[in-house]
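The values are calculated or read from the model by the stated rules, or taken from the named source; none is laboratory data. As the structure is a computational prediction, the values presented were derived from the model and not from experiment. No Cβ is skipped: glycine too gets one built from the backbone with ideal geometry, and neighbour counts run over all protein chains shown. In case anyone asks, the SASA skips ligands and DNA or RNA and just uses the protein heavy atoms, side chains included. Shrake-Rupley method; radii C 1.70, N 1.55, O 1.52, S 1.80 Å.
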Amino acid sequence: MVTAPLRSDGVRVRAPGKLNVFFEVGPLLDDGYHAVASAYQAVSLFEDVWAVAADDFRLDVTGSVDVSAVPVDDRNLALRAARILAQHTGFDGGVHLTVDKHVPVAGGMGGGSADAAAVLVACDALWGTEVGSAELHRLAARLGADVPFALMGGTAVGLGRGDRLSPALATGRFEWVIVLSNGGLSTPAVYRELDRLRSGAAMSGHPSTGAIRLSGRTGRSQDDADPLVAPGVLHALRAGDAHALAGHLHNDLQEAALSLRPDLRGVLDLGDRSGALAGLVSGSGPTVAFLSEDLESALELQVTLSAAGYTALHVHGPVPGARLI
Ligand code: ATP
């Protein structure tokens, strides 16, 4: 059992938000989950976590995004991450956490997952528990499907629930413009909407809305249990080729997110008309991400979208996962 913190002065950890540059969702499984195939990229929108040794567990949340909907009790992934690490290692102290959020809440960019990954790294350093990276990864996967990627960062392929990760080679730097939305989308609600749309398409048997379209760009049928990341995505990432990647951006959750938030179509259309190589809804939305040719085009697009009244930010990827700073 670890009884005394090695660091009493506190530690600071930064963890990135993510975009899913490709996201394919398999059919609903008996356990209520969907198998997915995700190509993740960590981008330069960060959560900062400050952890100070204490006898109890406490959390404060601040940030540049609207944090009014973020719980500060044990529903918060950050606190759950601290407790799970304490429990796993037998550490008998606590921690006071301050999370400074910049990733939009319920925005489809994995902000809560980034907080959880940051807290695992912070508490491990603060408490001197020295959990190895394989074990941290296992704890991360228990907290949520996107948490292991927030630990790893960079660019990676996630299979299973998204947590079976392998790093993907990406060269160069991809320039993105993201458009934030007022209000979030609940990830479970978006998956329910996807299931509803798919069952409607299956019932109607209409070829244009049926299995081929809903199974993504690979053209495989919905009955295939194991979704895969299209090889073209990996080639484009490896080549650092934004034009090629733009041709492969894909998100199976997009139709469901647009069905719940039809206003996002206007954002996608404006980005398309304003010089983006391509755009897509990020994860379960409602954040929309546009890929630009280079830094200059990204900054121009950001200005155009901002002038139209949207909250548009320029970010780049890939960036590292949760790190002490
Ligand atoms: P994902 O794309 O990983 O599904 P998301 O980015 O869409 O998630 P989050 O901001 O991670 O969404 O959080 C979704 C919900 O989880 C929030 O509405 C909130 O109620 C709850 N939550 C728990 N912990 C956190 C946290 N640390 N930060 C933000 N929300 C949190």
>> For region 112-123, give me each residue that is open to solvent by less than 20 Å² (accessible area, probe 1.4 Å) and away from the ligand (no atom under 11 Å from the Cβ).
In response: 120, 122, 123
> Before we move on, is residue 276 assigned by TED's automatic domain parsing to the domain that holds residue 300, modelled with pLDDT of 95 or more and either more than 16 Å from the ligand (Cβ to nearest atom) or in a helix (DSSP H, G or I) (or both)?
Replying inline: yes
> Does residue 295 satisfy the criteria of being assigned by TED's automatic domain parsing to the domain that holds residue 186 and either at pLDDT below 95 or surrounded by fewer than 15 Cβ atoms within 10 Å (Cβ to Cβ) (or both)?
Replying inline: yes
>> With the requirement that a residue be within 10 Å of the ligand (Cβ to nearest atom), assigned to a loop (DSSP other than H, G, I, E, B), open to solvent by less than 40 Å² (accessible area, probe 1.4 Å) and hydrophobic (A, V, I, L, M, F, W, C), what does region 73-111 give you?
In response: 103, 109
> If residue 126 satisfies every condition in (1) out of contact with any Pro (no Cβ under 7 Å at 6 or more places or on another chain); (2) buried (at least 20 other Cβ atoms within 10 Å of the Cβ); (3) touching a residue at least 40 places away in the same chain (Cβ under 8 Å) but one, which is the exception?
Replying inline: (1)
>> For region 175-202, give me the residue count where each residue is hydrophobic (A, V, I, L, M, F, W, C) and more than 16 Å from the ligand (Cβ to nearest atom).
In response: 4
> Which one is farthest from the ligand (Cβ to nearest atom) among residues in region 46-72 that are among the polar types (S, T, N, Q) and part of a loop (DSSP other than H, G, I, E, B)?
Replying inline: 64
> Picking from 172, 132, 158, which residue would you name as being within 15 Å of the ligand (Cβ to nearest atom) and over 28 Å from residue 64 (Cα atoms)?
Replying inline: 158
> If we keep just the residues of region 131-161 that are touching a helix residue (DSSP H, G or I) at 6+ places or on another chain (Cβ under 7 Å) and not in a helix (DSSP H, G or I), which is most open to solvent (accessible area, probe 1.4 Å)?
Replying inline: 146
>> Between 262, 286, which is within 17 Å of the chain's Cα centre (by Cα) and closer than 30 Å to residue 34 by Cα?
In response: 286
> Considering only residues of region 164-223 that are more than 22 Å from residue 265 (Cβ to Cβ) and among the acidic types (Asp, Glu), which is modelled with the highest pLDDT?
Replying inline: 175
